[in-house]
Amino acid sequence: MKTLKVLLLIIPLLSVTAFAQIAVGDTAITFSYDSLSGNSTGESVSLEDYAGKVVYIFFYGASCPHCISNGPVTESQIYSSFKDDTNFVALGMDTWNYTPSANAAFRNSTGITYTLLLNAQQSLIDYYGGSGYYDRSVVIGADGILKYKGTSYVNSDYEQVIEAIQTELDALIISAESEPDQPESMKLQQNYPNPFNPSTVISYKLAENSRISLKVFDMLGREVATLANGIKAAGSHSVTFNATGLSSGIYLYQLKSSSGLLTRKMMLIK
Amino acid sequence: MRIFVFISSFVLLVLASTSVKAQVYGSNTFELQYGNLPFEDDRELTTSYDQLNLFYDHDKISFYGRIEHFLTPKNDRNYLELTQKRFQYQDDNFRVRVGNFYETLGRGLLLRSYDIPGSVYEDAYDRTRYAFNRDLEGAAIGYTNNRIQINLLRAKPLLNTFAPNTKPDSLRRPDLIDAVQTNFFLTEDITLGGIFMRSQTDGFSGSREFGSFLFDANVIEGVSVFGEYAFNTTSKLFSFNAASDYALYLGTNFYYNSLGGSLEYKNYQNFRLGAGYNDPPSLIKEHTYPLLNRSTHVLETSDETGIQAEAYYNFEGGHSITLNYTTATNEVFKKFEYREYFVEGYYVVDNFLSFKGFLDFAKDDLKGEENRITFGIITDKTFDYTWGLALDLQYQTFDRSFEPDRSQNYYASLAFSYLPDLTLSVVVEASSDPQETDDPTTTVSEVDTRFWLGGNVAYKFNSDISLDLFAGKRRGGPACTSGICYEILDFEGVELRFSTRF
């Protein structure tokens, strides 16, 4: 009977929690949060501010140990690879809603230089449906669609994140440098595969015999390889670029002739 | 619906049982909170949480069920769930379990489950409360004799960052594990073992396979050595580099008369499995002192190496001294080091008066804390075995490289006990740490010293029924219990806990 008495204490009420969350392919849920400036609050930042750009988001907890341990990968591998691209922006979002000082400590420990947003837990609920997920990467395309939603810590899937960002940036380049805009006298194809390691094939087409050069540069403008230099016959050409010895990151390849200059980007991941 | 089926079945089982061997017992924890709900405009909230554990034993058969109930004025957070249920058969050699059970493979490098009795976890977003455990849901069969022990299991570990009312249910158990563990008792003093485990995670194609070797030996009188090496089967065996997935744990315990100690080594690489169902030994001193427990280092299995050395000596008269040294290094993409030196002394003046003191020096790169010094003294005085006083004073200070001033934390508690049933205590904490805040919704750094003041009444009606009442403001932060680390939320208000066993 003692058991039954205890049971009677429980009020029979049953309901469920089904937090909404978005999936890859859905329109990204907008947000607006104060940013971290120094050790205090900075200007407000919203997703709409970056319309037309590829947005990378790192969901972290300001005092979450593995977020601090894994945070440097978002800076050294992801942000550093794309930070010079004006079509790219990275945001860190504190989902533990900790103080500006705690976020300043997080920034100091991780070495993150991109913008950190405060009190952003609501976005974690919007994107993941619960506050139990953090230390996650998300990529939003320039069209405002969720393109990538990480399911593990950021140190585990950063290569997939880089690939997703590169794909979105490539799509922008292709739409901006669509084929009809290329001069009739020559065309430069997107390298394949891309991203690559350690080699990739670059193809170009010449309408007539031309003196050309095909060179590879890093993001600082330093020439790292010359793939072709001299007079080439009209028609299609392909050359293999071997990046052994080079570090991971974005590189530019440039086809130059008397009739113009064509440039594309490629991504080396090691 | 299933909860009512369970309760009905349980009642029928009890009524139908006429055997004197049958036994029904259980426990209940009821918690009522009125207080602060951060992160929302509507911050005052009354909630109640109830956890009922029921056991039915009959000879070699037993049934178990746990019912949890959470009630707030906000319907979308409320739940009444049968969160655990288990059938078990056990004889001298075999044990069969179906439902929710607890099993740790080896030393937890591959799989660890746990239940911390009486603990209640609180979700950071909406403060939904639920039992803090990591059970396995599935089936397990074990066989043991004097020479060999075999365990087979197929189960889904709980991801306990989600409340029981999370839908769909599958979110709470994203991993499926198949495992077999075999231990060979070569002699009374030497045990060798091996584990094979296959893991599948929702949303990921294919499965991952892991193996493990473990040993445990009493080398000579007073000296034992033990260890485990676990690895991903796709990694080269005994290849201890950053590209491999492995976890290596080695340790030794020793004692000689009143002197004893331990030395342990860890080396974990790419070894956070699934949604996080493994917990290799952390090798971090788990302090009971609030300021130190809150300053703990949380294990990062993606990349962590370190050692822990401890020695103690027990003097005549009950006095003792303990020394501990701990290091942990994380280097996923940047090196972070944790180092701690700790000494603790206990001095018994007489049957009515004792002192305990400690001194701790540490650095913690992950938290950006340098030259962290913590010390404290606890005085325990009883009067004529009828009432007693305990005074606990603790202080902590540290540098953060980018902050101009040293941060300071204070802790003081005074407890009055009318032995053995009633305890009244007051706890006050203070901090100048700019990371701490009085107002969780603020985005402004608070620079003044912040205070937490709370009072507690604990009363035992008898050995089975007890009551705890807290009122005031409680400081949150990281905490570790039995090697499991989690985040305690700040609380301001009144909390009543009523515990019964029957």
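Readers should treat all values here as calculations from the given coordinates under stated rules, not as data from a laboratory. Model, not experiment: these values are computed from the prediction. When we count neighbours, we look across all protein chains shown, and the Cβ atoms used for this are built from the backbone with ideal geometry, even at glycine.
Given a cut-off of under 8 Å on Cα pairs at least six residues apart, what relative contact order in percent is computed for chain B?
This gives 9 percent for chain B.
Averaging sequence separations of C-alpha pairs under 8 Å and six or more residues apart, then dividing by the length of segment A:180-268, give the relative contact order as a whole percent.
Relative contact order comes out at 33 percent.
Using only alpha carbon pairs under 8 Å that are at least six residues apart, calculate the relative contact order of chain A and give it in whole percent.
That works out to 16 percent.
Local charge sum around B:Phe196 (other residues, Cβ-Cβ under 10 Å, Lys/Arg +1, Asp/Glu -1)?
-1
About the Cα centre of the protein assembly as shown, how large is the charge dipole given +1 on each Lys and Arg Cβ and -1 on each Asp and Glu Cβ? Please answer in debye to the nearest 20.
Numbers: 64 positive and 93 negative charges, 388 e Å.
So the magnitude is around 1860 debye.
Provide the FRET efficiency to the nearest 0.05 for the B:Asp421-A:Ser32 pair, computing r from the beta carbons and using R0 = 60 Å.
Rounded to the nearest 0.05, the efficiency is 0.65.
For segment A:230-270 and segment B:330-364, compute the distance between their C-alpha centroids and round to whole Å.
Centre-to-centre distance over Cα atoms comes out at 59 Å.
For A:Asn209 and A:Glu159, what is the calculated FRET efficiency with R₀ set at 45 Å and r taken between the beta-carbons, to the nearest 0.05?
Plugging the Cβ-Cβ distance into 1/(1 + (r/R0)^6) gives 0.60.
May I ask for the net charge around B:Ser282, where only other residues with Cβ less than 12 Å from the Cβ of B:Ser282 are counted and Lys, Arg are +1 while Asp, Glu are -1? Provide the component values of the computation, followed by the final result.
Values: positive: B:Arg107, B:Arg112, B:Lys266, B:Lys285; negative: B:Glu264, B:Asp279, B:Glu286, B:Glu300, B:Glu304.
Combined, the nearby Lys, Arg, Asp and Glu give -1.
Give me the extension gain from B:Ile373 to B:Asp189: residue separation times 0.36 nm, minus the current Cα-Cα distance, reported in nm with one decimal.
Additional length available on full extension: 62.1 nm.
Using only Cα atoms, what Kirkwood radius does chain B have, in angstroms?
25.5
Might you report the magnitude of the Cβ-based charge dipole of segment B:285-502 about its Cα centre, with Lys and Arg at +1 and Asp and Glu at -1, to the nearest 20 debye?
Values: 19 positive and 36 negative charges, 77 e Å.
Rounded to the nearest 20 debye, it is 360 debye.
Among B:His319, B:Gln308, B:Gln408, which residue has its Cα furthest toward the positive end of the charge dipole of segment B:285-502, with +1 on Lys/Arg Cβ and -1 on Asp/Glu Cβ?
After comparing all options, I get B:His319.
Just to be sure I understand the model, the point goes 7 Å from the Cα along the line to the Cβ. What's the resulting B:Lys21 to B:Ala139 distance in nm?
Computed distance between label sites B:Lys21 and B:Ala139 equals 2.4 nm.
For segment B:409-418, what does the Karplus curve 6.51 cos²θ - 1.76 cosθ + 1.60, with θ = phi - 60°, yield as ³J(HN,Hα) per residue in whole Hz, taken in order and with x for Gly and Pro?
10, 10, 9, 9, 9, 10, 10, 10, 10, 9
Mind checking the dipole of chain B: about its Cα centre, +1 per Lys or Arg Cβ, -1 per Asp or Glu Cβ, Debye to the nearest 20?
1500
Using Cα centres only, tell me the gap between segment A:74-96 and segment B:170-222 in whole Å.
Distance between centres, Cα-based: 39 Å.
Using θ = phi - 60° and the Karplus curve 6.51 cos²θ - 1.76 cosθ + 1.60, what whole-Hz ³J(HN,Hα) does each residue of segment A:246-259 get, with Gly and Pro shown as x?
Each residue's phi maps through the Karplus curve to give 8, 8, 4, x, 8, 10, 9, 10, 10, 9, 10, 9, 5, 9 Hz.
Exposure proxy check: B:Trp387, B:Trp452 ranked by fewest other beta carbons within 10 Å?
Going from least to most buried by this count: B:Trp387, B:Trp452.
With runs of 4+ DSSP H residues as the only contributors, calculate the mean residue ellipticity of the protein assembly as shown at 222 nm using -39,500 (n - 2.57) per run, divided by the residue total and rounded to the nearest 500. Working shown, then result.
On the way: 7 runs with 78 residues, N = 772.
Taken over the protein assembly as shown, the calculation gives -3000 deg cm²/dmol.
Have a look at A:Gly245, A:Ser69, B:Ala155 and report the one farthest towards the positive end of the charge dipole of the protein assembly as shown, computed about the Cα centre with Cβ charges (Lys/Arg +1, Asp/Glu -1).
The residue sitting most towards the positive pole is B:Ala155.
By the scheme Lys and Arg +1, Asp and Glu -1, what is the net charge of all other residues having a beta-carbon under 9 Å from that of A:Gly61?
Computed value for this residue: -3.
State the Cα centre-to-centre distance between segment B:89-127 and segment A:39-60 in whole Å.
Between the Cα centre of segment B:89-127 and that of segment A:39-60, the gap is 41 Å.
Calculated FRET efficiency, B:Gln408 and A:Lys83, Cβ-Cβ r, R0 51 Å, to nearest 0.05? Don't jump to the answer; show the numbers that get you there.
Working: r = 38 Å, r/R0 = 0.75.
Approximately 0.85, to the nearest 0.05.
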